[in-house]
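Input: a single structure, listed below in structure tokens.
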Amino acid sequence: TPSRSDHLLADLNPAQRRAVEHSGAPLLVVAGAGSGKTRVLTRRIAYLLAERDVHPGQIMAITFTNKAAAEMKERVSDMVGGRARSMWVSTFHSMCVRVLRREAKTLGMSSNFSVYDSDDTRRLITLVARDLDLDPKRYAARTLAVHISNLKNELISTQEAADAATNDLERRVAEVYAVYQRRLVESNSMDFDDLIMKTVELLQRFPDVAEHYRRRFRHVLVDEYQDTNHAQYTLVRELVGVAGGEVPPAELCVVGDADQSIYAFRGATIRNIVEFERDYPQATTILLEQNYRSTQNILTAANAVISRNPNRRDKRLWSDLGEGEKIVGYVADNEHDEAAFVAREIDHLIDSGEFNNSEIAVFYRTNNQSRVFEEIFIRLGLPYRVVGGVRFYERREVRDALAYLRTLANPEDTVSLRRILNVPKRGIGDRAEACVSTYAERERISFAAALREAVHDRVPMLNPRSRNAIAGFVELMDSLGEMVTRGDDVADILEEVLSRTGYRAELEASDDPQDHTRIENLNELVTVAREFTEQPPASEEDTVVVEGSLAAFLERVSLVADADQIPDAESDGVVTLMTLHTAKGLEYPVVFCTGWEDGVFPHMRALGDPQELSEERRLAYVGITRAQRRLYLSRALVRSAWGQPSANPASRFFGEIPADLLDWRRVEPTRAAPTTATTWRRGSTASGGLGSRPAPSRGWQDTPAMKLDVGDRVTHDKYGLGSVVAVDGVGPRATATIDFGSAGTVRLMLIGGVPMTKL
Ligand code: ATP
Ligand code: MG
């Protein structure tokens, strides 16, 4: 007899079907790109409801893309209607905020805590480092932030970090970490990494809390499992629980692809996939091998590139969508020429009637590369959207406005408070701020508390004018705070903030056209707040009791991820521009991968570091496998970086793609025009940019010698990074003595073919 879930299984292959129907032991689905891992996850949720009488409230799904989350919610609400809202579908961070807001009291915190993003974090670390008198040149806030983040991702406490420190840097980091953490607590704030770490702490320290969540969530599903770090991994384990506990473990289903792990810099470890079977002894592993996304040519190229990575499990990914078109290669003179090529090509694709704008995506390695594309797209009137980059919520005026709201919601929030203390200018200068902060540190009270003390003249060295200004500010914030206590609408509070602080008036009085854009952005923020107020609350059982809707609004905007800007519907007719990192999990009929140059992609940083290079190669694999039917790979001979034109050699990844898959529309001219380039280009053999067309070979005699000076930094394919200690001879007889660190000091002839690049 046909089961009511037949339609859920009909368009799945046997392996996918097994994954959907599997019950009991933890399940790991490992498979290459486009093999239906996300589809399995979505379908499994539907199947649980239809066939296994699971209630949506028992499901917790961790996803990374809006698209997947929307698909899951939609499918579930089609099946069970409004009850779907009790299912938790979110990112790790949103899930943790939700848990922490409810359980804040247990951890001795208040539930209106602020969430600090990387910019806030850096500000606070800068303040801490300054208070500790650290040399900002030796200990940049950015670097300290990375180290602290790494410690948190490994769940290492401040005490453990201090105990384990073995050298100067580690001791310094531990010291900053400890003070930073104390200041976060004083500010009633958490950074992104805390969200995970504190949730783990909560579940480990309070068994009854852990039990509550384990009783509730009987199914935990995680997409993109390869990008979880140790803290997230531990969180999943704690949520699921272990056999023999009060509550039997939840069913766990994770899907991932070790070849797409691209967040090592955030502490993601492939280990979590590789050792899943060891960590969960009863685990079942299912492999998926058929790719449903891309043509065979695209897939073959992707397989060829990724197979160069050492220590990976080989996968046999195939597609029955046919060979498809060849991959188009293009060598541009410079980045403008590259962008013009992309624009022209998009024009042809649209004209052919075969594709529309929203089916096309342009990828690049770093956000700053979007600018050239934007310029030309604007000029040609080609509608586009940039995902990521300077995001709406990162604009100065938007951050200022939000800082006001955050201070109102959580008066202890030091970073937000100090941000707006004198914005717009109200006579509380740096010196006054420093007096207050010194006092706060000395008395071990929060900055906000010290500010109140200042009003009562208890802060030394503060002049009367500053004191009056502070008193006025405190009064203003108190009276705005009454709106929050009353539970006024966020949009109304925001409007009031903008007018009573004089923020809007200041912008309106300005002649700077940028300030007019700023007003528009603030209006946009008011609109966002209005829409938020008008939305129905999430399911009742999950509503967290927080003071009014302000906290909920702030939570929403603080956790907006790049991926959230990607529209769910493909109907709005614009080309999408984004970094390779953001493209994870997505698919487009047409993909342009641009900037395929050594030093750009792979990133400069990776040239002398095999581990980083492997990560870049995984990124290439992610990029290529986003494409369904058409793939373009391009590079520029010369690209301006930091105002300097530099000649970049072809990305080594070009050379890893079988030549017969590439259709070169334009190749590197055999005799490149002289440029003001500072980088020497490798000979034609390694350029990879010539593809199927044989290149006339060049002897070393007519290859210009590489020009190096003492002190220059280079990277050599064999020896890695080095610095030039001596240069001898001229022309083709020039040699350089280079210190390659642990690889030794080597004397090399500076002739064509030497696999070395000047940095
Ligand atoms: P990635 O590794 O990039 O995240 P994935 O493994 O999650 O990819 P999906 O995004 O789930 O793959 O699927 C890729 C495409 O193939 C989607 O368009 C999906 O709808 C389609 N697809 C998956 N399985 C099947 C199937 N059995 N029949 C037809 N189409 C399928
Ligand atoms: Mg996926």
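From the set of residues in region 35-50 that are among the hydrophobic types (A, V, I, L, M, F, W, C) and more than 9 Å from ligand 1 (Cβ to nearest atom), which is surrounded by the fewest Cβ atoms within 10 Å (Cβ to Cβ)?
Only one residue tops the list, namely ALA50.
Working only within region 236-272, note down all residues that are of a type in the set (Ser, Thr, Tyr) and away from ligand 1 (no atom under 13 Å from the Cβ).
Scanning region 236-272 gives TYR263, THR269.
Does region 585-593 include one or more residues that are among the aliphatic types (A, V, I, L, M) and within 13 Å of ligand 1 (Cβ to nearest atom)?
For region 585-593, residues among the aliphatic types (A, V, I, L, M) and within 13 Å of ligand 1 (Cβ to nearest atom): present.
Identify, from the list ASP53, ASP117, the residue that is within 25 Å of GLY585 (Cβ to Cβ), away from ligand 1 (no atom under 16 Å from the Cβ) and surrounded by fewer than 19 Cβ atoms within 10 Å (Cβ to Cβ).
ASP117 is the lone residue from the list that is within 25 Å of GLY585 (Cβ to Cβ), away from ligand 1 (no atom under 16 Å from the Cβ) and surrounded by fewer than 19 Cβ atoms within 10 Å (Cβ to Cβ).
Considering only region 352-448, give the helices (runs of 4 or more DSSP H) lying wholly within it that have at least 2 residues that are closer than 30 Å to MET461 by Cα.
Per the criteria, 396-409, 414-420, 430-443.
Limited to region 51-85, what total is found for residues that are modelled with pLDDT of 90 or more, among the small types (Gly, Ala, Ser) and away from ligand 2 (no atom under 16 Å from the Cβ)?
1
Would you check which residues across region 21-34 are more than 9 Å from ligand 1 (Cβ to nearest atom) and either touching a Cys at 6+ places or on another chain (Cβ under 7 Å) or not in a loop (DSSP other than H, G, I, E, B) (or both) and list them?
GLU21, LEU27, LEU28, VAL30 - these are the residues of region 21-34 that are more than 9 Å from ligand 1 (Cβ to nearest atom) and either touching a Cys at 6+ places or on another chain (Cβ under 7 Å) or not in a loop (DSSP other than H, G, I, E, B) (or both).
Collect the residues in region 198-209 that are in contact (Cβ under 8 Å) with a residue 40 or more places away in the chain and surrounded by fewer than 23 Cβ atoms within 10 Å (Cβ to Cβ), keeping them in residue-number order.
Answer for region 198-209, where residues must be in contact (Cβ under 8 Å) with a residue 40 or more places away in the chain and surrounded by fewer than 23 Cβ atoms within 10 Å (Cβ to Cβ): LYS198, VAL200, GLU201, LEU202, PHE206, VAL209.
Which of (1) of a type in the set (Val, Ile, Thr); (2) over 24 Å from ARG442 (Cα atoms); (3) part of a helix (DSSP H, G or I) does VAL247 not meet, given it meets every other one?
(3)
Can you name the residue in region 181-225 that is closer than 24 Å to SER446 by Cα and either within 16 Å of ligand 2 (Cβ to nearest atom) or among the hydrophobic types (A, V, I, L, M, F, W, C) (or both) and, of all such residues, is farthest from the chain's Cα centre (by Cα)?
Going through the qualifying residues, I end up with VAL185.
Condition (residue is in the same structural domain as ALA10 (by TED's automatic domain parsing) and within 21 Å of the chain's Cα centre (by Cα)) applied to region 69-83: is it met by at least one residue?
Among the residues of region 69-83, at least one is in the same structural domain as ALA10 (by TED's automatic domain parsing) and within 21 Å of the chain's Cα centre (by Cα), which makes the answer yes.
Could you please let me know if ARG18 is within 15 Å of ligand 2 (Cβ to nearest atom) and part of a helix (DSSP H, G or I)?
no
Confirm whether VAL89 is within 16 Å of ligand 2 (Cβ to nearest atom) and closer than 27 Å to LEU202 by Cβ.
yes
Quickly run through region 215-244 and pick out the residues that are part of a strand (DSSP E or B) and either in the same structural domain as ARG618 (by TED's automatic domain parsing) or at pLDDT 95 or above (or both).
Once the filter is applied, which keeps residues that are part of a strand (DSSP E or B) and either in the same structural domain as ARG618 (by TED's automatic domain parsing) or at pLDDT 95 or above (or both), region 215-244 yields HIS219, VAL220, LEU221, VAL222.
What's the number of the only condition in (1) on the phi > 0 side of the Ramachandran plot; (2) more than 16 Å from ligand 2 (Cβ to nearest atom) that GLY34 fails to meet?
Result: GLY34 fails condition (2) only.
Which pairs turn up if I take residues in region 29-46 that are acidic (Asp, Glu) and look for partners that are within 8 Å of ligand 1 (Cβ to nearest atom) with beta carbon separation below 7 Å, at least 6 apart in sequence or on another chain?
Filtered contacts from region 29-46: no entries.
Residues of region 434-452 being in contact with a helix residue (DSSP H, G or I) (Cβ under 7 Å, 6 or more places away or on another chain) and under 24 Å from TYR503 (Cα atoms), which ones?
VAL436, PHE447, ALA448, LEU451, ARG452 - these are the residues of region 434-452 that are in contact with a helix residue (DSSP H, G or I) (Cβ under 7 Å, 6 or more places away or on another chain) and under 24 Å from TYR503 (Cα atoms).
Pick out the one residue from ALA69, ALA61 that is outside any loop (DSSP other than H, G, I, E, B), more than 21 Å from VAL622 (Cα to Cα) and not charged (D, E, K, R).
The unique qualifying residue is ALA61.
Quick one: which helices (runs of 4 or more DSSP H) sit completely within region 250-315 and have at least 2 residues that are in contact (Cβ under 8 Å) with a residue 24 or more places away in the chain and either surrounded by fewer than 15 Cβ atoms within 10 Å (Cβ to Cβ) or not assigned by TED's automatic domain parsing to the domain that holds PHE92 (or both)?
Helices (runs of 4 or more DSSP H) meeting the threshold: 276-279, 296-306.
I'm checking my understanding of the structure. Among residues of region 587-609 that are more than 19 Å from the chain's Cα centre (by Cα) and without any contact (Cβ under 8 Å) to a residue 60 or more places away in the chain, which one is farthest from ligand 2 (Cβ to nearest atom)?
That would be GLU597.
The values are calculated or read from the model by the stated rules, or taken from the named source; none is laboratory data. Keep in mind the model is a prediction, meaning the values are calculated, not measured. Virtual Cβ from ideal backbone geometry, glycine too; neighbours counted across all protein chains shown.
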